[in-house]
There are 2 protein chains.
Amino acid sequence: MARTKDPAVRTLLIERAAHMLRTREPVTLRSLVAGTGVSTMAVYTHFGGMDGMWKALRQEGFTRLESRFAAVATSQDPVRDLTALVSAYLGNALDHPDLYRVMFDASFDLEDLKAADATLEHLVQAVERGRGAGRFRSDTVPLELAVQSWAVAHGLVSLVANGPLPRQTLDHGVPMLTSLFVGAGDDPAGCRLSVGNGWRQPRPSGG
Amino acid sequence: MARTKDPAVRTLLIERAAHMLRTREPVTLRSLVAGTGVSTMAVYTHFGGMDGMWKALRQEGFTRLESRFAAVATSQDPVRDLTALVSAYLGNALDHPDLYRVMFDASFDLEDLKAADATLEHLVQAVERGRGAGRFRSDTVPLELAVQSWAVAHGLVSLVANGPLPRQTLDHGVPMLTSLFVGAGDDPAGCRLSVGNGWRQPRPSGG
DNA sequence: ACCAATAATATAGCAGTGCAATGCTATGTA
DNA sequence: TACATAGCATTGCACTGCTATATTATTGGT
């Protein structure tokens, strides 16, 4: 019996915010709606305020990461795939450094946790396949190795994308992942091969 | 020929800002100087503005980390010491999570780089001693293994202190460092012992 | 087709933010 | 003692996110 929210406005604002983030424009309540034809109140009806908008943008960030993970092909080599996922993680963060910062800046709530868990699940499954294929010891806990891989990826990329270390530092990902996977039971020589293959995955260049 | 800046004002403001950060009070230009007797302009004469204040606070954060590193005793076991440094790094970040966030939030400039390098130097020297003691392969590049240890520490603690992962995730530091050091040439059994010893260093509980 | 209910919208104004401009004052030098 | 200089307090501005109010548009019932 009343008018309904136009979903197009919501996506418009989110995409515009993401674009402004990429182009380094300050994202404020007024600058966000300027030129879109919608008024500042749209931010409140759709997001409840700027905080809600940032939260929605954080969700959008995880969604993009999710789709990027989904684009990583599954091969016969789980260790390669796991490395490729980490590589995709780095590529995503480098392509959208400000969005990546937003994703991990604010305090997490349950909804964010769900999004984070969903993306982490990709890593978990890759570890499970690696364990099933005998690459990792049978006592390997998939979630644990997945979290460790995530920590390596996040540590490297956040020190590079929004930190003091130069970009080439990301190359350390290769020996770090290799050490991690060998520590989990993989054969050193084969692991080096797999990590090398997964690392050089086609990484879409930043736009 | 003119009045001199009172250094006490500068340290007063920085310490007050750090305290407000710890007590979760919003740190604004006016709230920072409220009740101190100094006016808002003091922030401009001493720091050039709020940005300069945050930068100074970032320096303070590195200074505290530095002193914490200096408190880590040097033993006959370089691998233990390196682990103890990482453990101290985590303890510092957990004790001052908001200060830690400030340290790595803003964009780094040369001055910040110097501070970061100075603290990183502790890790580098520990790696050098480890290589000298034959724990790491002779082709180990100290700076590289130090950076990798840093990435592990930062990745873990930033995902825990200001991220989605629970605190016990920090325990992953043990297997991660062990894998890293074994990958650098250390003997697995001895490494586990050293990491175990370094990890349980007396970690001052958060104030 | 008409109408009332109701939620989304537009507008104006609020307190709070960092910052710049203006005098005033304290201090070290000549 | 007189002066130049720089720290200081005050005031005001442009901007921030947000809210109160009035208007508009849409929707479901008749």
Residue identified as within 16 Å of DNA strand D (Cβ to nearest atom), open to solvent by less than 70 Å² (accessible area, probe 1.4 Å) and either small (Gly, Ala, Ser) or part of a helix (DSSP H, G or I) (or both) among B:43, B:38: B:43
Residue ID - nearest to DNA strand C (Cβ to nearest atom), chosen from residues in segment A:57-68 that are more than 14 Å from chain B (Cβ to nearest Cβ) and open to solvent by 10 Å² or more (accessible area, probe 1.4 Å): A:60
Members of segment B:22-35 found to be more than 8 Å from DNA strand C (Cβ to nearest atom) and either open to solvent by less than 40 Å² (accessible area, probe 1.4 Å) or away from every other protein chain (no Cβ under 14 Å) (or both), listed by number: B:22, B:23, B:25, B:33, B:34, B:35
Single condition residue B:27 does not satisfy, out of (1) at pLDDT 90 or above; (2) within 12 Å of DNA strand D (Cβ to nearest atom): (2)
Unmet criterion (only one of (1) more than 9 Å from DNA strand D (Cβ to nearest atom); (2) of a type in the set (A, V, I, L, M, F, W, C); (3) surrounded by fewer than 20 Cβ atoms within 10 Å (Cβ to Cβ)) for residue A:84: (3)
Qualifying position, being open to solvent by less than 20 Å² (accessible area, probe 1.4 Å) and either free of Cβ contacts under 8 Å to residues at least 60 places away in the same chain or outside the structural domain of residue B:186 (by TED's automatic domain parsing) (or both), among B:147, B:152, B:141: B:147
Flag if residue A:10 is within 14 Å of DNA strand C (Cβ to nearest atom), among the basic types (Lys, Arg) and either under 24 Å from residue A:96 (Cβ atoms) or open to solvent by less than 30 Å² (accessible area, probe 1.4 Å) (or both): yes
Within segment B:140-190, tally of residues that are under 30 Å from residue A:112 (Cα atoms), assigned to a loop (DSSP other than H, G, I, E, B) and of a type outside the set (A, V, I, L, M): 4
Filtered residues of segment A:141-180 (kept if among the hydrophobic types (A, V, I, L, M, F, W, C) and at the interface with chain B (Cβ under 8 Å from one of its Cβ atoms)): A:147, A:150, A:151, A:152, A:153, A:156, A:159, A:165, A:176, A:180
Any chance residue A:75 is at pLDDT 95 or above, within 22 Å of residue B:159 (Cβ to Cβ) and open to solvent by less than 50 Å² (accessible area, probe 1.4 Å): no
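The values are calculated or read from the model by the stated rules, or taken from the named source; none is laboratory data. Remember, it's a predicted structure, so these values are computed and weren't measured experimentally. In this analysis, Cβ positions are derived from the backbone assuming ideal geometry, glycine residues included, and neighbour counts consider all displayed protein chains. What goes into the accessible areas is simple: the full protein's heavy atoms, side chains included, and nothing from ligands, DNA or RNA. Shrake-Rupley method; radii C 1.70, N 1.55, O 1.52, S 1.80 Å.
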